[in-house]
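Each remark here refers to the structure printed beneath this line.
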């Protein structure tokens, strides 16, 4: 067997291993495609870094069943997302909806940095200039810098 055939065989085995149990799949291919798309944008609350499509956690399986049940019952994708948010909060979605709380969460650090930079600039502009050095201080600086190579 050449390398391409081996790679194709390994890829097929990996796809079969990652596929869901055929008994769980919906009979309607359009509904199953919608469900799979929702699986990919839903975070596993156990794994937190994976979607429920990739996760083997029991809770991810329960969420997949709940999404399929809602789609079978006629719910739209937005209604399914609303159900997930109501039950698990915005964290469950990889792309949470835009809300005032999310805007403050993401924009707050930038606003604080801009305000801090503005205050720093204003303080530097309003600070009095440093007084000139006295003759004794100038002599000390001259002694200290005389030994330094230029």
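Some values worked out for this structure:
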read-out: Calculated FRET value between residue 48 and residue 83, using beta carbons and R₀ = 22 Å, to 0.05; value: 0.65
read-out: Dimensions in Å of the stretch 60-120 - Rg and Dmax from alpha carbons; value: 17.6, 58
read-out: Per-residue Cβ neighbour rank within 10 angstrom, fewest leading, 43, 123, 70; value: 123, 70, 43
read-out: Label-to-label distance, nm, for residues given as residue 139 and residue 120 (7 Å Cα→Cβ offset); value: 3.9 nm
read-out: Relative compactness, the stretch 100-146, computed as alpha-carbon Rg over 2.2 N^0.38 Å; value: 2.23
read-out: Förster radius 35 Å - calculated FRET efficiency between residue 112 and residue 75, Cβ distance, rounded to 0.05; value: 0.30
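No lab work stands behind these numbers, since they all come straight from the coordinates. Everything numeric in this text was worked out from a predicted model, so none of it was measured. Glycine also receives a Cβ, built like all others from the backbone with ideal geometry; neighbour counts cover every protein chain displayed.
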